[in-house]
Amino acid sequence: MPVLTAAEAAAWRQNLAASGRRVVFTSGCFDILHAGHVRYLAQAKGLGDALLVALNSDSSVRQIKGPARPVNSEDDRAEVLLGLESVDAIVIFDEPRTTGLIETIQPQIFAKGGDYTLDSLNPEELAALRSIGAEIHILPELKGRSTTATLARMALPENPTTPSASSSSPQSNPSRLPRLGVLGSGEGSNFGVLLDAIDAGTLKAEVALVLSDNPGAKILDRAHARGIPAEWINPGDHPNRFSAEAQQAVSGQFRAAGCDLIVCAGFMRRLKDPVLSDFAGRIVNIHPSLLPAFPGRSAWAQAFEAKVPETGCTVHLIDVGIDTGPILAQTKVPILPEDTVDDVRRRIQSAEHALFPQAIGDLLKTLGPFRALA
Ligand code: GAR
């Protein structure tokens, strides 16, 4: 069966319906196929008689996952999917949502997998599904199997700090380096000093995955330059908030990448559940003031405008409040009479660069030891 247009898929669905057969519709990027996909697609097919996969086009994968993806072209992804016994037909789509396809094709059954719940389905798609009377099924994700986890594992041998599979087995070396999941929105200078400390061997950890709410964030470029998996997470429509879908994606991706600690290195949106509950006590942040003074945005400018004689930086654990979690370490810096607001910012940042790796190393000692998985 070749790749179909939406109109061809609609005709195909009608033909099947004439003989009482029902089409299951699902969608996704399916960039690097793994056992989670194969099992999910087989389960989805089992819900009806024929399975139609709406495959994100290359440009739509780039929009969702950032410029480094897809790894495989849409033609190749379609060919691989069509090689599976479970997949009967494919349509490739460019739009951010599958609403138009659902309306045109009118599948009887809709399946979605992974971290989705009925509440987190896109409201437009949900409305389209309800209006055509489709059955909706959310299928469980296969833990530990994801494209991101696959990419993270592929990056491991290139990381000089990671013992290779041949040089040490879990039996001979039961401890392993803690795996950091890094979140950042901008420059990533703090991320850079963490990488330097890892290279120097003063921070005993490895970076498993970097995520950003900003597709143009330099932190993503820094990660890509090192071969570290890094992705943009669509934050949703609000300029400052992080949508429920985004919170789910962050938690799911960091869990799939086997992260032990989330490090917020200049991340400017608020984390909520399920991230907070999945990583309770294991999310660390750097903030440019002496908390509890000056929480929130542009904390260095708040201190400058308040004309306080000193400010600084704080490393703390993240909880439900805004910059309210337990304080782990602080460094004070003076505000001098001749300072500009930029001088204050620069002075705080150089204090951060010394404090952050040290504080993360100290925290990891309290969270470890980290055991290799059997
Ligand atoms: C840092 O100064 C950090 O303290 C601040 O963002 C900057 C990121 O710089 N974080 C916050 O304000 C969090 N509320 P970087 O991207 O160069 O590391």
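The values are calculated or read from the model by the stated rules, or taken from the named source; none is laboratory data. Note that the structure is predicted; figures quoted are calculated from it, not measured. For neighbour counting, all protein chains shown are included, and Cβ atoms are generated from backbone atoms with ideal geometry for every residue, glycine included.
Can you go through Gly114, Gly144, Gly133 and tell me which one is at pLDDT 90 or above and of a type outside the set (A, V, I, L, M)?
Gly133
Taking segment 308-327, which residues are farther than 30 Å from Ser277 by Cβ and within 14 Å of the ligand (Cβ to nearest atom)?
Thr311, Gly312
Out of Asp339, Asp343, which single residue is at pLDDT 95 or above and assigned to a loop (DSSP other than H, G, I, E, B)? Write out each step before concluding.
Working: Asp343 fails: assigned to a loop (DSSP other than H, G, I, E, B).
After applying the criteria, what remains is Asp339.
More than 16 Å from the ligand (Cβ to nearest atom), closer than 23 Å to Arg371 by Cα and in contact with a strand residue (DSSP E or B) (Cβ under 7 Å, 6 or more places away or on another chain): is that true of Gly281 in this structure?
yes
For segment 207-233, which residues satisfy the criterion of being over 9 Å from the mean Cα position of the chain (by Cα) and polar (S, T, N, Q)?
Asn214, the sole residue that qualifies.
Counting only residues that are more than 13 Å from Leu211 (Cα to Cα) and in contact with a helix residue (DSSP H, G or I) (Cβ under 9 Å, 6 or more places away or on another chain), which one in segment 257-270 is farthest from the ligand (Cβ to nearest atom)?
Keep residues of segment 257-270 that are more than 13 Å from Leu211 (Cα to Cα), which gives 258, 260-261, 270.
Subsequent filtering for residues that are in contact with a helix residue (DSSP H, G or I) (Cβ under 9 Å, 6 or more places away or on another chain) retains 258, 260-261.
Numbers: Gly258: 24, Asp260: 21, Leu261: 17 Å.
Going through the qualifying residues, I end up with Gly258.
Which pairs do you get when a residue that is charged (D, E, K, R), found in segment 344-367, comes within reach of a residue that is within 16 Å of the ligand (Cβ to nearest atom) and outside any helix (DSSP H, G or I), reach meaning Cβ atoms under 6 angstrom, with the pair 6+ apart or on two chains?
Here the result reads Arg347/Val333; Glu352/Ile286; Glu352/Cys313, each pair linking segment 344-367 to a residue that is within 16 Å of the ligand (Cβ to nearest atom) and outside any helix (DSSP H, G or I).
So the check is Cβ under 8 Å with 6+ separation or different chains; which pairs have a first residue in segment 277-288 that's in contact (Cβ under 8 Å) with a residue 60 or more places away in the chain and a second one that's more than 16 Å from the ligand (Cβ to nearest atom)?
Correct list of pairs: Arg282/Asp260; Arg282/Leu261; Arg282/Leu367; Val284/Leu261; Val284/Leu363.
Among what's in segment 328-369 and is exposed (fewer than 15 other Cβ atoms within 10 Å of the Cβ) and under 26 Å from the mean Cα position of the chain (by Cα), pick the residue that is farthest from the ligand (Cβ to nearest atom).
Pro369
Can you spot a residue in segment 84-98 that is in a helix (DSSP H, G or I) and surrounded by 15 or more Cβ atoms within 10 Å (Cβ to Cβ)?
The answer is no; no qualifying residue exists.
Filtering segment 289-302 down to residues that are within 12 Å of the ligand (Cβ to nearest atom) and small (Gly, Ala, Ser), which residue is surrounded by the fewest Cβ atoms within 10 Å (Cβ to Cβ)?
The selected residue is Gly296.
Of the residues Thr324, Thr366, Thr311, which is touching a helix residue (DSSP H, G or I) at 6+ places or on another chain (Cβ under 9 Å) and of a type in the set (S, T, N, Q)?
So the residue among Thr324, Thr366, Thr311 that is touching a helix residue (DSSP H, G or I) at 6+ places or on another chain (Cβ under 9 Å) and of a type in the set (S, T, N, Q) is Thr311.
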